[in-house]
1. Condition test on Q48, is it part of a helix (DSSP H, G or I) and modelled with pLDDT of 75 or more?
2. Kindly indicate whether G193 is of a type outside the set (A, V, I, L, M, F, W, C), out of contact with any Pro (no Cβ under 6 Å at 6 or more places or on another chain), at pLDDT below 50 and farther than 26 Å from D139 by Cβ.
3. Evaluate region 111-124: report whether one residue or more is free of Cβ contacts under 8 Å to residues at least 12 places away in the same chain and either in the same structural domain as S178 (by TED's automatic domain parsing) or assigned to a helix (DSSP H, G or I) (or both).
4. Kindly list the number of the only condition in (1) at pLDDT 85 or above; (2) assigned to a helix (DSSP H, G or I) that fails for V103.
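The values are calculated or read from the model by the stated rules, or taken from the named source; none is laboratory data. Note that the structure is predicted; figures quoted are calculated from it, not measured. Ideal geometry is used to build each Cβ from the backbone, glycine not excepted, and the neighbour counts take in all protein chains shown.
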Amino acid sequence: MTLEELQQRVSDLEAEKEAVNSKNKELLGELKKVKMQNKEVDIEKYLQMQDDYENLKTEHDKLLKTYKIESEKMANSLKAKDDALRNHLIEEGLTSNLAKAGVKPEFLEASKALLRTKALLKEENGAYQALLGDKPLTDGIAEWVSGEGKHFIQASGASGGGASGGGSHSGGENLKRSEMTHSQKGEYIAKNGQEAYFKLPN
């Protein structure tokens, strides 16, 4: 049974419960009228109807509770599967495509952190595809490393220049990650390292 079918069943049970409550009110109203008219009342029949109503109400409450529990379980299961699918398609997709694009291992996690917010899953005809913005993940990463992400694949041999590195680091005291462009982030990480970047205030 699908989540939609379970939710529909819960809705049907709630409607049936309302109908039972309405019928009981109707019966009580009729009994009151009969009493007021001083007509003889079949007490045993009325009590039996009351028992039937209580039994039916109890059964409906049990079914309603059961279906709500099952509905919640299925919803949690679907969410877990969606999270796993997202992790597989996006996280592993980012890792493999960034590595193929030439991103250095020491910059891999920083690159994923920058791109993860732009990555999303698109469903079409029951199939899921990982996108970066509005492009397939592979194309989006190829475009990124040729532009804003180029600093993550450049050779880092030039970083031995102490003056350049020191100047950038001292200037980095006033930098905030939230105010930096992707290009600035890439340059900072390439010069100072991923750990220094994550130590910057947000």
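1. yes
2. Here the answer is no, as G193 does not meet what is asked.
3. Yes - at least one qualifying residue is present in region 111-124.
4. Of (1) at pLDDT 85 or above; (2) assigned to a helix (DSSP H, G or I), only one is false for V103: (2).
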